[in-house]
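The values are calculated or read from the model by the stated rules, or taken from the named source; none is laboratory data. Just so we're clear, the structure is a prediction, and the values are computed from it rather than from any experiment. With ideal geometry, Cβ positions are generated from the backbone for all residues, glycine too; neighbour counts draw on all protein chains shown. What goes into the accessible areas is simple: the full protein's heavy atoms, side chains included, and nothing from ligands, DNA or RNA. Shrake-Rupley method; radii C 1.70, N 1.55, O 1.52, S 1.80 Å.
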Amino acid sequence: MNLPNTITMIRIALVPVFMVVALSNIPNHDFIATVIFTIASITDGLDGHIARKYNLITNFGKFVDPLADKLLVTAALLIFCETGVMPAWAVMLIIARDLIISSLRMLAAARGRVIQAVFSGKLKTTVHIICIILLMLNILPSSMQTLAVWVMVIMSVYSCIDYMMKNIDILKDNITDGGKK
């Protein structure tokens, strides 16, 4: 296993640690959980940078890296849902976006096409990480927490629509021929 894939696996291993700390009653658990989340988030950029710079991109990494990202963000969203920071409908919309885009990528892969990350997806991820960190620190007034949740939802919906519009041909092909190409 190369270095970028090892870093990705460390990110995955940090997810349950993050969740346990975030939901615990230990002193400063919000701050400690935020540090763990931030470190895990930084590893996302780090593993990708190393993989590209040293030509260490693997099929394993292409599959597991986005999965690690989804696990980390979903863990934070579930924590927010359980602690009352975020309503379940907002969490569901954000998770649904990820499932829709993953499904779109699978349809494209079945046709030998790779859907690259687009700017709106990268922006969504950055915005989500910033909002999650702010919400984890529990320093925002209630109105700003609500705004952060809405920003996350709006970015998810916008990014989903952007991906779908940029890849509408994949959707049309799979609808008209039943995915048999």
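Quick check on this structure: which one of Ala117, Ala76, Ala88, Ala108 is touching a helix residue (DSSP H, G or I) at 6+ places or on another chain (Cβ under 7 Å) and under 24 Å from Thr6 (Cα atoms)?
None of the others qualify; the one that does is Ala76.
Condition check: touching a helix residue (DSSP H, G or I) at 6+ places or on another chain (Cβ under 9 Å) and farther than 18 Å from Phe37 by Cα. Does Val127 satisfy that?
So Val127 does not fit the description; no.
For the stretch 19-26, does any single residue satisfy the condition of being more than 22 Å from Glu82 (Cα to Cα) and exposed (fewer than 15 other Cβ atoms within 10 Å of the Cβ)?
No, there is no match, as no residue in the stretch 19-26 is more than 22 Å from Glu82 (Cα to Cα) and exposed (fewer than 15 other Cβ atoms within 10 Å of the Cβ).
What is the number of the single condition among (1) among the hydrophobic types (A, V, I, L, M, F, W, C); (2) at pLDDT 95 or above; (3) open to solvent by 30 Å² or more (accessible area, probe 1.4 Å) that Phe60 does not meet?
(2)
Mind checking which pairs have a first residue in the stretch 154-168 that is modelled with pLDDT of 95 or more and a second that is open to solvent by 70 Å² or more (accessible area, probe 1.4 Å), Cβ under 7 Å, 6 or more apart or different chains?
Ser156/Leu93; Val157/Leu93; Cys160/Ile100
Could you figure out which of (1) under 30 Å from Asn167 (Cβ atoms); (2) in contact (Cβ under 8 Å) with a residue 12 or more places away in the chain isn't true of Gly45?
(2)
One line per residue, one yes/no per condition, for (1) part of a helix (DSSP H, G or I); (2) closer than 18 Å to Ile130 by Cβ:
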site	(1), (2)
Asn5	yes, no
Thr8	yes, no
Met19	yes, no
Asn25	no, no
Ala33	yes, yes
Phe37	yes, yes
Ser41	yes, yes
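Does Val35 satisfy the condition of being open to solvent by 70 Å² or more (accessible area, probe 1.4 Å), closer than 15 Å to Met136 by Cβ and either without any contact (Cβ under 8 Å) to a residue 40 or more places away in the chain or over 20 Å from the mean Cα position of the chain (by Cα) (or both)?
no
Which members of the stretch 41-95 meet the condition of being acidic (Asp, Glu) and farther than 21 Å from Leu137 by Cβ?
Asp47, Asp65
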